[in-house]
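To keep things clear, I will list the structure first and then write my remarks on it.
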């Protein structure tokens, strides 16, 4: 039981990181009907941004803040204006294809610029261990889970409780009606892209100490986050949190009790089971999208 609990708590911290990336999927889909298959690379690139700032002598939190600003510009504004906006009128499929191409370009670009080697990345949390009822929990696992959970809850509260968040929801439900009501639709959609960029930087800061900064680190992360978003419900931000935690815990347990070789297949198996019995996801609802 002790081993099970340790695997469970460790899985929660990993799952919380998946939830951050999955939340980006759900936000972009709800606001603009965009599926970003470069989401994993949107986590990978800020890791190298922070690494570059730290190599210039900046502390990790300063590097994080600078990377947030840069990511909002590059992964928020530039991504929206340069790729999504020109292709949006042609439907979702061109955007899907373009983001797949973007992910390949980003991986190869970082490999050419930083080399293909894995680069160590400092942890935000001290190297401490807590022993609670015989269960050993690292400060990194505890801090990662708490930090990611707080970010997800803040994002949900912003969307549900603030005027801007409600305007973003109105745009997601019906862009024409939102425009008639005086809501600046392009601005609300940009806010969604900006929030996604901030979440990607946070996920990078939390996951890179374990994954290391490598050009292909986002490939597996993006796939698992996509599955997590669908498992929880693609049109429900709370579903992203649930799906991420389920994937993180289950892959930890599978690696320990079945075989480490099956760890990366767990998200796919859960995804297939969920869509067979509940295609809209565990917390998702059947909705008719109007644009």
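Computed values, structure above
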quantity: Which numbered condition residue 121 misses (of (1) over 19 Å from residue 37 (Cβ atoms); (2) part of a helix (DSSP H, G or I); (3) touching a helix residue (DSSP H, G or I) at 6+ places or on another chain (Cβ under 9 Å)); calculated: (2)
quantity: Single match in 268, 253, 276 (criterion: more than 23 Å from the chain's Cα centre (by Cα) and modelled with pLDDT of 90 or more); calculated: 276
quantity: Yes/no for residue 253 being without any contact (Cβ under 8 Å) to a residue 40 or more places away in the chain, surrounded by fewer than 22 Cβ atoms within 10 Å (Cβ to Cβ) and assigned to a helix (DSSP H, G or I); calculated: no
quantity: Boolean, residue 112 is surrounded by 14 or more Cβ atoms within 10 Å (Cβ to Cβ) and in a helix (DSSP H, G or I); calculated: no
quantity: Residues of region 117-133 satisfying the condition of being surrounded by 11 or more Cβ atoms within 10 Å (Cβ to Cβ) and within 23 Å of the chain's Cα centre (by Cα); calculated: 118, 119, 121, 122, 123, 124, 125
quantity: Search result, residues across region 80-97 that are in contact (Cβ under 8 Å) with a residue 12 or more places away in the chain and more than 19 Å from the chain's Cα centre (by Cα); calculated: 83, 88, 92
quantity: Selection count where residues are crowded, with 16+ Cβ neighbours inside 10 Å and modelled with pLDDT of 85 or more, scope region 134-152; calculated: 12
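Here is a yes/no grid of residues against (1) surrounded by fewer than 21 Cβ atoms within 10 Å (Cβ to Cβ); (2) touching a residue at least 12 places away in the same chain (Cβ under 8 Å); (3) touching a helix residue (DSSP H, G or I) at 6+ places or on another chain (Cβ under 6 Å); (4) within 23 Å of residue 96 (Cα to Cα):
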| residue | (1), (2), (3), (4) |
| --- | --- |
| 214 | no, yes, no, no |
| 238 | yes, yes, no, no |
| 258 | yes, no, no, no |
| 262 | yes, no, yes, no |
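The values are calculated or read from the model by the stated rules, or taken from the named source; none is laboratory data. Values in this document were obtained by computation on a predicted structure and should not be read as measured data. Backbone-built Cβ (ideal geometry, glycine too); neighbour counts: all protein chains shown.
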